[in-house]
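Here the structure comes first, spelled out in structure tokens, and everything after it is commentary.
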Amino acid sequence: MSDLSIELHWQRAEPVLQTAKYSNAHTVQYNSSYDVQVDAAPDWGGDPANTNPEQALASALSSCHMMTFLALAAKADWPVASYHDYAVAHLGKNARGQMSVTRIDLHPVVRFDTGFSVDDAKLAEMQDRAHRYCFIANTLADSVEINIF
């Protein structure tokens, strides 16, 4: 199987590392060429202009779910014209009382070529199958509740 990697770089900007007195801002590089500015979530003092690990997790799940859905739709000869999702990662305490992403809500909207349609039950079944086969969802299966609306 594949090994997929990123590079992360953080450099202290303050004279000393002290609790609550340093920046979490850092850079994550994908494929040795694409840099993403990352920080803590705004509730934890991060810059809201940067992404944060919780958003990145929601993004990974949403992307994986979409790609799995498209693969299944192609096999079923469903002419998907567009796919849009609004994903929300919810922070809270898990069963052990630790802060975590407790739930990720996906809100996919699928549009088909003109003249093609499927009923809501078949679409929901295909979304459920996409969730079951998504690598990221399977990785998170024991720790995060996934809600597809």
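Bear in mind that the values in this text are calculations on the coordinates, not laboratory data. Remember, it's a predicted structure, so these values are computed and weren't measured experimentally. With ideal geometry, Cβ positions are generated from the backbone for all residues, glycine too; neighbour counts draw on all protein chains shown.
Rounded to the nearest 20, the size of the Cβ-charge dipole of the chain about its Cα centre is 260 debye, with Lys and Arg at +1 and Asp and Glu at -1. For the options MET99, MET67, MET126, a Gaussian network treatment of the chain with springs between C-alpha atoms closer than 10 Å singles out MET99 as fluctuating the most. Annotation for the stretch 52-149: trypsin sites (Lys or Arg not before Pro) lying in DSSP loop with at most 16 further Cβ atoms inside 10 Å of their Cβ are ARG96.
Rounded to the nearest 0.05, the FRET efficiency derived from the C-beta distance between ASP128 and TYR30 at R0 = 35 Å is 0.70. When the chain is treated as a GNM, springs tying every alpha-carbon pair under 10 Å, which of PRO53, PRO42, PRO15 comes out with the largest mean-square fluctuation? Looking only at PRO53, PRO42, PRO15, the biggest GNM fluctuation is shown by PRO15. Could you work out the pair-distance distribution P(r) of the stretch 63-113 from its alpha-carbon pairs, with 10 angstrom bin width and percents rounded to whole numbers? Each 10 Å bin holds this share of Cα pairs: 23, 37, 22, 14, 4. Please give the residues of the stretch 103-118, grouped as numeric ranges, whose backbone N is less than 17 Å from a label point set 7 Å along the Cα-to-Cβ vector of ALA81. Only 109-118 pass the distance filter.
Counting only DSSP beta bridges whose two residues both lie in the stretch 53-148, roughly 70 percent are antiparallel.
For the stretch 31-53 and the stretch 103-139, what is the separation of their Cα centres, given in Å? Centre-to-centre (Cα) distance: 28 Å. Positive contributions from Lys and Arg (+1) and negative ones from Asp and Glu (-1), summed over other residues with Cβ under 15 Å from the Cβ of PRO79, come out at +1. For the chain, the Kirkwood radius over C-alpha pairs fed into Stokes-Einstein at 37 °C and 0.692 mPa s yields D = 186 µm² per second.
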